[in-house]
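Taking it in order: structure first as structure tokens, then the write-up.
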Amino acid sequence: MSSKIEEGQEYIRQAEKSLKTGLLKWRPEYDTAADCYTKAATAFRIAKSYDQSKECFLKAADCHKNNSSWFHAAKCYEQIILICKETNNLLSVEEYAGRASHLYQQHGSPESAASALDKASKVVEQKHPEIALRFYQRALEISMIEDASRTAAEYASKVSRILVKLQMYDQAADALRREIGLNQQTESYGQIGRLAVALVLVQLARGDQVAAEKAFKEWGNCCDPQEVQTLEMLLQAYDDEDPDTAKQALASPFIRHMDVEYSKLALIVPLPQGLPNASKPAVIKNATASYTSPNMDASKGGNNEGEAGPAGAGAGNDEDDEEGGLC
């Protein structure tokens, strides 16, 4: 490793010599210096002296920019991104990815600019998805400016999935509609059908059942028969407030085999609450008879006697009337 460090230092001396000017050398040799700095950076990287390697790549990029070699300067920044990955300095990736993308565009290579952002996104996506989201959104903009619909659709897909992963469902719904529009331009109707399923899931996650039904009516004609059947069962379950049927529809095989973000979303979509059932009195077997107070029985007996007395008197009066009438 020490030999590589010495090799790198030797390349640095050569680069510094190339940048010097004199009476017979009016202009620095930026090409030679950039090449020496790049070799020095590679030697330091092999020796795992990452700070020195990064410094040399920065100096090489400056030399390329002084020589108007925008493409090669951008390549140096991409190498620095890899060093940031190896040193776990992921927050610095955004700065150098932005520089590389800008230089590629300045050189007239928009495809390379979008590709640099795509590669940088993969470096940070696992630990910093919000940074990756910004990279993919910028790559999408570049592709749309160049009217590359198919490439733009790929970046739009990545934007939608990260938004779902971050549970930013309002923005995810807009991103999915934009992705559907890009797939319409390339006539990818099968992909539109799968995106319709994803849009329905996102709208249900937002709690907007009306928007979910509208998405199905608008794009359901692009879905496969199995997808149509599942979505109909799912939306009908929400109309009927049937959580069991909704859960069964969300667990269908094709939803489980969608992109990871959407299959995970299906597991956390709020289910319908269900209709309240009328409560019925519970019947307990071998229950003890209800308690009846003795005073209640006595009062009932007195009432019966009272009722019988007037009735008997009335009967006696009738008999007297009959006897009097006969006389």
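The values are calculated or read from the model by the stated rules, or taken from the named source; none is laboratory data. Given the structure is predicted, the values throughout are model-derived calculations rather than measurements. A quick note on method: Cβ atoms are made from the backbone with ideal geometry, for glycine too, and the neighbour counts reach across all protein chains shown. Surface accessibility is based on the protein's heavy atoms, side chains included, excluding ligands, DNA and RNA. Shrake-Rupley method; radii C 1.70, N 1.55, O 1.52, S 1.80 Å.
Can you compute the FRET efficiency between residue 21 and residue 58 using 1/(1 + (r/R0)^6), with r the Cβ-Cβ distance and R0 = 25 Å? Round to the nearest 0.05.
In this case the efficiency is close to 0.70.
List the equivalent ellipsoid semi-axes of the stretch 1-68 in whole Å, largest first, each obtained as the square root of 5λ for an eigenvalue λ of the Cα gyration tensor.
Calculated on Cα positions only, the semi-axes equal 23, 13, 7 Å.
How do 161, 178 stack up against each other in accessible area, from largest to smallest, with a 1.4 angstrom probe?
From most accessible down to least: 178, 161.
Would you kindly derive the ³J(HN,Hα) couplings of the stretch 225-233 from the backbone phi angles with the Karplus curve 6.51 cos²θ - 1.76 cosθ + 1.60 (θ = phi - 60°), listing them in order in whole Hz, with x for Gly and Pro?
x, 5, 5, 4, 4, 5, 5, 4, 5
Using protein chains only and a probe of 1.4 angstrom, how many square angstrom of residue 39 are accessible, to the nearest 10?
About 90 Å², ignoring ligands and nucleic acids.
Can you tally the net charge around residue 165? Count Lys and Arg as +1, Asp and Glu as -1, for every other residue whose Cβ sits under 13 Å from the Cβ of residue 165.
Spelling it out: positives minus negatives among the neighbours equals 0.
How charged is the neighbourhood of residue 56? Take every other residue with its Cβ under 13 Å from the Cβ of residue 56, and add Lys/Arg as +1 and Asp/Glu as -1.
-1
Using a 1.4 Å probe, how large is the accessible area of residue 144, given in Å² and rounded to the nearest 10?
For residue 144, the solvent-accessible surface is approximately 80 Å².
Which residues in the stretch 78-114 have a backbone N closer than 18 Å to a point placed 7 Å from the Cα of residue 71 along the Cα-to-Cβ line?
Answer for this model: 78-79, 100-114.
Per-residue accessible area for residue 86 at 1.4 Å probe radius, Å² rounded to 10?
About 90 Å², ignoring ligands and nucleic acids.
Across the stretch 1-68, how many lysine pairs, 8 or more positions apart or on different chains, have C-alpha atoms separated by under 13 Å? Please give the number.
So the count of such lysine pairs works out to 5.
With an 8 Å Cα cut-off and a minimum separation of 6 or more residues, compute the relative contact order for the stretch 1-68 in percent.
35 percent
Net charge near residue 193: determine it from the other residues with C-beta under 13 Å of the C-beta of residue 193, scoring Lys and Arg +1 and Asp and Glu -1.
Spelling it out: positives minus negatives among the neighbours equals -4.
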